[in-house]
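**Q** This is the structure I have questions about; it appears just below.
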Amino acid sequence: MSKPSYLRSHSPLFSPPILWAGGAIAAIALSLWQAGVFQKELLNPNGLPQFWRFLSASIHPDLSPALLQITWNATLKTLAYAVCGTFLSVLLGLIGGIFCSEVWWESVSGQPMPGNRRTMGSLRFPFPIFHSPFLLARSVLAVPRAIHELIWGLIFVNLFGLDPLVAVLAIAVPFGAITAKVFSELLDETPRQPLKVLLNSGVAPLTAFFYSLLPQAFLNLLSYSFYRFECSIRSAAVLGIIGAGGLGYEIMLSLQSLRYEQLWTFFYALFLLNGCVDFSSAWLRQRWGCASRLDLNVQKQVSRVRYQVPGVRGRKAKDENWLPYPFAPLFRLLSVTRYLLPLLFLAFCVWYVGADFTRLWAPVTWQRLVTIVQSCFPPDWEAALPLVRLSVQTVSMSVLAIALAAIGGALLAFPAAHNFFLPGGLLNPGRARVGSRLAAWMLLLLSRSGLLLCRAIPAPIWALVLLYVLFPGILPGAIALGLHNLGILGRLKAEVIENLDFRPLEALKAQGAPASLVFLYGVLPLTLPRFLAYDLYRWEVCMRETVIVGLVGAGGLGRVLMEQLSSFDYRGMVVTLGGFVLLTFLVDGLSTTVRRSLR
């Protein structure tokens, strides 16, 4: 006699982790079959000499003064694009995040959102029914974040021409929508008791937000802003491919002309730029008490961290009366300067970029916009016929990319963490010999450098390099996306390991457990849920990034979309773009469902 349904549902074989793991393995197997693995010839032996020439050029890059001057100007332009785009995206994200959060609409209406897990107790709905303003705000921001910044760049080129405004808006629009979504989730996860006190006292909702909820969530919002700035650096390099200038533009020119020595000079410049931004971001976050760049699925009380003078304990930095008289004015000057310098740097970047913001309201811009909109209708529904096959290719590319990035990032995250293999770490608790310490530090530097190189080089450049040795198809695109996201996931996962609570692990070690069992029964259970959350988050990003590898012929919907944009086939582009947005929403919904079931 078979077991009742309520017993079968609680069987370990039918638990959500087992089911999702089986589905992931099946998806990877189907994606490998779709990519043609074990079915057709994938390797191109004729491209091996060219690939070796590319690799050997890394030893002797072009360091001529003229090229170094070009490299410096391109690096500064890429940085300026990223600063301006990040500032606008954070500003848009803060405004949109407030109006897209459940807590805002609850504060305005005075009623809990239907299906809200915070307010409905044990009553849970898998798909909450939201108020219409909340749903409208989320829907308006859903479309911009589903379209990659490269597509926005190509659209803005048709509106504004080759103006620096294109690169700034191409970063600000989609990143602003993404930031709004993350900010809204951070605000919804922030404790609401102070907000309720102010609202019950008759304070206006917006005022209550700025005096209660935003100060609590400030460090999380600031930490994610730093992460978004690092993403903007990489996006500014990608936008150089469409002629926006900067390092990406110089890299494409050198790659097309096969000048590999110059190419590696620009690679190293991009590597150093990302490394400096990464180091500065980590230092500032550590100084201000931000645990990590991107904190997913964590609900916690965030306390404000007050700045303290280095070397002085128990004294508040804002109370400078204890300082000797000659140093008090200097301290006040430094306190003002640390707020003034970022504003001056932002002003310099705006001036250096030289974007013509008057084009936003110029009559010719609106005429072009009306012309493009009129050219999009009626949509060419005949272009929808091959979309099913191309959609399968696109999903397969994203699945293979995130599988490579997830596995590779997890393997490199442990040697890239400061508290794992180094002396005094989890697997090296005692004082090691000089050779062991040197080997541990070399492993740390090599793993971190490899992760930085992977994420610093844009995915289209990886795809073009891989096409030397692989035939065109979805496989080189998947590997290119996997390598790029491997560097991002590896760094995020290394931060998860560095922020671990080591007390349970020390308890296991005190019981005599060897390092292998501590890792298996202590480290993995603590890190795996956060690893999976990051992997699912980056899968959504990989889905969007399939467009940029389609630019170089990697297949999928991206290749067709690029062909339609370059041929001004706006009627077909609307259909393809609609299919791509719908596919992105499906992946986003599936990822969110998996994260909630595994939380």
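The values are calculated or read from the model by the stated rules, or taken from the named source; none is laboratory data. As the structure is a prediction and not an experimental result, all values here were calculated from the model. Ideal geometry is used to build each Cβ from the backbone, glycine not excepted, and the neighbour counts take in all protein chains shown.
**Q** Considering only the stretch 477-496, state which residues are farther than 17 Å from Leu464 by Cβ and either among the aliphatic types (A, V, I, L, M) or without any contact (Cβ under 8 Å) to a residue 24 or more places away in the chain (or both).
**A** Selection gives Leu486, Ile488, Leu489, Leu492, Ala494, Val496.
**Q** For the stretch 163-215, which fully contained helices (runs of 4 or more DSSP H) count at least 1 residues that are charged (D, E, K, R)? Spell out the reasoning first.
**A** On the way: elements: 164-188, 193-200, 205-208.
Correct list: 164-188, 193-200.
**Q** With the structure loaded, tell me whether Gly97 is within 22 Å of Ala204 (Cα to Cα), buried (at least 22 other Cβ atoms within 10 Å of the Cβ) and in contact with a helix residue (DSSP H, G or I) (Cβ under 8 Å, 6 or more places away or on another chain) or whether it fails that test.
**A** It is true that Gly97 is within 22 Å of Ala204 (Cα to Cα), buried (at least 22 other Cβ atoms within 10 Å of the Cβ) and in contact with a helix residue (DSSP H, G or I) (Cβ under 8 Å, 6 or more places away or on another chain).
**Q** Could we say that Gly572 is among the small types (Gly, Ala, Ser) and either closer than 15 Å to Ile147 by Cβ or free of Cβ contacts under 8 Å to residues at least 40 places away in the same chain (or both) here? Break it down into steps so the answer makes sense when it comes.
**A** Working: among the small types (Gly, Ala, Ser): yes; either closer than 15 Å to Ile147 by Cβ or free of Cβ contacts under 8 Å to residues at least 40 places away in the same chain (or both): no.
Considered against the rule, which asks whether it is among the small types (Gly, Ala, Ser) and either closer than 15 Å to Ile147 by Cβ or free of Cβ contacts under 8 Å to residues at least 40 places away in the same chain (or both), Gly572 comes out as no.
**Q** Right, another one. Within the stretch 23-78, count every residue that is touching a residue at least 40 places away in the same chain (Cβ under 8 Å), outside any helix (DSSP H, G or I) and within 30 Å of Ala244 (Cα to Cα).
**A** 6
**Q** Filter the stretch 497-515 down to the residues that are in a helix (DSSP H, G or I) and touching a residue at least 40 places away in the same chain (Cβ under 8 Å), then identify the one that is farthest from the chain's Cα centre (by Cα).
**A** Filtering the stretch 497-515 for residues that are in a helix (DSSP H, G or I) and touching a residue at least 40 places away in the same chain (Cβ under 8 Å), the one farthest from the chain's Cα centre (by Cα) comes out as Lys509.
**Q** While we're on this one: Across the stretch 256-279, which residue is surrounded by the most Cβ atoms within 10 Å (Cβ to Cβ) among those that are among the aliphatic types (A, V, I, L, M) and in a helix (DSSP H, G or I)? Steps first, please.
**A** Filtering the stretch 256-279 for residues among the aliphatic types (A, V, I, L, M) gives 258, 263, 269-270, 272-273, 277.
Next, only the ones that are in a helix (DSSP H, G or I) stay: 263, 269-270, 272-273, 277.
Values: Leu263: 25, Ala269: 22, Leu270: 28, Leu272: 14, Leu273: 22, Val277: 19.
So the residue we want is Leu270.
**Q** Considering only residues that are crowded, with 18+ Cβ neighbours inside 10 Å and more than 28 Å from Val83 (Cβ to Cβ), which ones fall in the stretch 191-215?
**A** Result: Arg192, Leu195, Leu198, Leu199, Pro205, Ala208, Ser212.
**Q** Across the stretch 226-276, which residue is farthest from Val353 (Cα to Cα) among those that are β-branched (Val, Ile, Thr) and modelled with pLDDT of 90 or more?
**A** Looking at residues that are β-branched (Val, Ile, Thr) and modelled with pLDDT of 90 or more, I get Thr265.
**Q** Within the stretch 216-255, work out how many residues are crowded, with 24+ Cβ neighbours inside 10 Å and either outside the structural domain of Ile171 (by TED's automatic domain parsing) or in a loop (DSSP other than H, G, I, E, B) (or both).
**A** 2
**Q** Hey, another quick one. May I ask you to list pairs of residues, at least six apart or on different chains, whose Cβ atoms are under 6 Å apart, with the first in the stretch 161-188 being more than 18 Å from Ile242 (Cα to Cα) and the second being in a helix (DSSP H, G or I) and among the aromatic types (Phe, Trp, Tyr)?
**A** Val182/Tyr224
**Q** Go through the stretch 557-599 and give me each residue that's part of a helix (DSSP H, G or I) and acidic (Asp, Glu). Break it down stepwise before answering.
**A** First pass over the stretch 557-599, keeping only residues part of a helix (DSSP H, G or I): 557-566, 570-598.
Residues satisfying the conditions are Glu563, Asp588.
**Q** For residues in the stretch 372-383 being surrounded by 13 or more Cβ atoms within 10 Å (Cβ to Cβ) and in a helix (DSSP H, G or I), which is modelled with the lowest pLDDT?
**A** Ala383
**Q** So which residues in the stretch 4-33 are at pLDDT 85 or above and out of contact with any Leu (no Cβ under 9 Å at 6 or more places or on another chain)?
**A** Once the filter is applied, which keeps residues that are at pLDDT 85 or above and out of contact with any Leu (no Cβ under 9 Å at 6 or more places or on another chain), the stretch 4-33 yields Gly22, Gly23, Ala24, Ile25, Ala26, Ala27, Ala29, Leu30, Trp33.
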